[in-house]
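> Below is the structure I would like to discuss, written out as C-alpha cells.
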Amino acid sequence: MNHLREQIKDKKRIVVKIGSSSLTHRQTGDMDYIRMERLVRELSNIRNQGREVILVTSGAIAAGKNALNMKDVRADNRVQSLAVKQACSAVGQARLMMTYQKLFAEYNQVAAQILMTKNTILDNLNRYNAHNTFSELLRLGAIPIVNENDTVATYEIEIGDNDTLSAIVAALVEADLLILLSDIDGLYTDDPRKNPDARFIEQVDELTDELMEMGKGTTGSSVGTGGMNTKLIAAKIATKSDVDMIIANSRDIGVLHRILDGENEGTLFVAHKDEGFDLPVFVGGLHKS
C-alpha cells in the first residue's frame, strides 16, 4: 500500500478542492481569513516546489449573503430562490476573488479566475477552449481558481456541487492528483458522526456498486452542498480519467503538504483509466436520474 503513497511525491499537476464549510465560520457564516491564508500559503508552496496547482473553491454565495446581510434569506418560490442565489453569487464571487488575489500576491503568486457550467464541458468548442486556457495559465505559472458560474447557472446547466466540478476539472486538464478537502477525515463504512462503530477506509482500489450506494444517504453541511455521495461521484470521474483522488480533513490545511510528502492522510482512491469513459456524456447525465 505504501508504494502508492510514495508515488504521490512525484505528482506534478494537482487539483485541490475546498468547500464552503471549510472557508467560513460556522457560528456566523463569515469568511475564515486565517483558514484562507493558510490554504493560500500551502498552495503557493506547492507551486514553489515546481508543481502545477489548480484550486476549486466554494464560498461565493456565502460571501455574498454576508456582504448583503442576508443571513436568513427566505424565498417564496424556486424562481425567487434562484434569483437570490445568483445575486449573492454575483456579489460574493467578486469578493472571494479579491481576497484570493490579495493573499496570493503576498506570496508572489498570480491567481486567475475560471468560472464554469455544465456547458463548458458539453459543448465541444467550449471544452477545447477551457482546456487551452487552463494549459496556458499553468504554463505561465499562474494558479487558476475555479468555481461554478452560479450567476448564470440554472438547474439545467449547473453542475451543482464543487466535488463533482473539481473532478471534472481534474479530468479536463489531465491532472495527476485530486485532493478534496472536507470536514471529514475520509471515507468510512458508515457516517462516523452517527455511528461510533464506523470504520475508516484508508484506500479504495475499486469503486464497487456497493461503495457507491453507501454514499447516497449522506448530504452536505448547512453551508456546503456536497455529502459523501458527491465525493464518490467525483472519485468515479477522477479514477476513470486516470487521476488518483484523496479525501482529507480540512481542519488542518497542513494536511496538503503531508499528502504530497507521501504520508498516509485521508482516503486514497486509486486511478484506473477506463478507455470507454466519456466525460461529456457522463456530465450530461448528471441530475437526470
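The values are calculated or read from the model by the stated rules, or taken from the named source; none is laboratory data. Because the structure is a prediction, the values reported are computed rather than measured. Every residue, glycine as well, gets a Cβ built from its backbone with ideal geometry; the counts of neighbours run over all protein chains shown. Side chains included, ligands, DNA and RNA excluded: accessible areas come from the protein's heavy atoms. Shrake-Rupley method; radii C 1.70, N 1.55, O 1.52, S 1.80 Å.
> I'd like to check one number: the per residue accessible area of the chain, probe 1.4 Å, reported in Å² as a whole number. Don't skip to the answer; put the middle values down first.
Working: 13900 Å² over 289 residues.
Value for the chain: 48 Å² per residue.
> Restricting to the chain, what percent of DSSP beta bridges are antiparallel, rounded to 5? Could you put the intermediate results ahead of the total?
On the way: 6 of 33 bridges.
In the chain, DSSP labels about 20 percent of beta bridges as antiparallel.
> How big is region 1-124 by Rg and Dmax over its Cα atoms, in Å?
17.2, 54
> While we're looking at this one, here's another question. For the full complex of protein chains and a 1.4 angstrom probe, list Asp252, Asp161 by accessible area with the highest value first. Walk me through the numbers before you get to the answer.
On the way: Asp252 75, Asp161 15 Å².
Largest accessible area first, the residues go Asp252, Asp161.
> Can you give the calculated 222 nm mean residue ellipticity of the chain, where each DSSP H run of n ≥ 4 adds -39,500 (n - 2.57) and the sum is split over every residue, rounded to the nearest 500 deg cm²/dmol? Mind showing how you got there, number by number?
Values: 12 runs with 126 residues, N = 289.
Mean residue ellipticity, 222 nm, calculated: -13000 deg cm²/dmol.
> Need the full-extension length gain, His3 to Val110, defined as separation in residues times 0.36 nm minus the C-alpha distance. One decimal, nm.
On the way: separation 107, 0.36 × 107 = 38.52 nm, distance 3.39 nm.
Result for the pair: 35.1 nm of gain on full extension.
> Any idea how far apart Asp261 and Asp185 come out in nm if each label point goes 7 Å out from Cα toward Cβ?
1.9
> Please list, ordered by chain and number, the residues whose modelled amide H lies under 5 Å from the amide H of Ile159; skip anything fewer than 5 residues away on the same chain.
Lys118
> Taking amide H atoms as placed 1.01 Å from N in the peptide plane, list the residues 5 or more away in sequence, or in a different chain, whose amide H sits under 5 Å from that of Gly227.
Amide H to amide H, under 5 Å and 5 or more residues apart or across chains, Gly227 pairs with Gly220.
> Here are several values of mean projected area of the Cα convex hull in nm²: [x] 14.7; [y] 16.0; [z] 13.7. Which one was derived from the coordinates shown?
Correct label is [x].
> List the trypsin sites (Lys or Arg not before Pro) in region 115-216 that DSSP assigns to loop (not H, G, I, E or B) and whose Cβ has at most 13 other Cβ atoms within 10 Å. Which are they?
Numbers: sites: Lys118, Arg127, Arg139, Arg193, Lys194, Arg199, Lys216; in loops: Arg193, Lys194, Arg199.
Sparse-neighbourhood loop trypsin sites (Lys or Arg not before Pro): Arg193, Lys194, Arg199.
> For the cross-link pairs Lys85/Lys231; Lys11/Lys273; Lys17/Lys65, which exceed 19 Å when the distance is taken from alpha carbon to alpha carbon? It would help to have the intermediate numbers written out before the result.
On the way: Lys85/Lys231 23 Å; Lys11/Lys273 16 Å; Lys17/Lys65 21 Å.
Violating the 19 Å Cα-Cα cut-off are Lys85/Lys231; Lys17/Lys65.
> Something else about it: Fully extended, how many nm does the chain gain between Leu140 and Asp197 (0.36 nm per residue separation, minus their Cα-Cα distance)? Provide the component values of the computation, followed by the final result.
Working: separation 57, 0.36 × 57 = 20.52 nm, distance 4.85 nm.
Full extension of this stretch gives 15.7 nm more.
> Using a probe of 1.4 angstrom, how much of the accessible area of region 1-76 is carbon and sulfur, in percent? Mind showing how you got there, number by number?
Numbers: 1620 of 3900 Å².
Looking at region 1-76 in its full context, I get 41 percent from C and S.
> Then there is this: Using only the heavy atoms of the protein chains and a 1.4 Å probe, how would Val281, Val15, Val84 rank by accessible area, largest first? Before the final figure, lay out the partial values.
Values: Val281 105, Val15 0, Val84 30 Å².
From most exposed to least exposed: Val281, Val84, Val15.
> Pulled fully out, how much extra length does the chain show between Val270 and Leu122, if you take 0.36 nm times their separation in residues and subtract their Cα-Cα distance? Don't jump to the answer; show the numbers that get you there.
Details: separation 148, 0.36 × 148 = 53.28 nm, distance 2.63 nm.
Stretched out fully, the Val270 to Leu122 stretch lengthens by 50.7 nm.
> Which cross-chain or sequence-distant (5 or more) residues have an amide H under 5 Å from the amide H of Val53, H modelled 1.01 Å from N in plane?
Ile14
> Next up: Roughly how many Å² of Phe282 are accessible to a 1.4 Å probe, to the nearest 10?
Rounded to the nearest 10, the figure is 50 Å².
> What nm distance separates the two modelled labels at Asp209 and Ile34, each placed 7 Å from Cα along Cα→Cβ?
In this crude label model, Asp209 to Ile34 measures out at 4.8 nm.
> Assuming a viscosity of 0.692 mPa s and a temperature of 37 °C, what translational diffusion coefficient in µm² per second does Stokes-Einstein assign to region 119-178, Rh being the Kirkwood radius over Cα pairs? Walk me through the numbers on the way to the answer.
Details: Rh = 12.3 Å.
For these conditions, the coefficient is 266 µm²/s.
> Aspartates and glutamates near Lys118 by alpha-carbon distance under 16 Å, same-chain residues fewer than 8 away left out - which ones?
Correct list for Lys118: Glu148, Asp150, Glu156, Glu158, Asp161, Asp163, Asp278.
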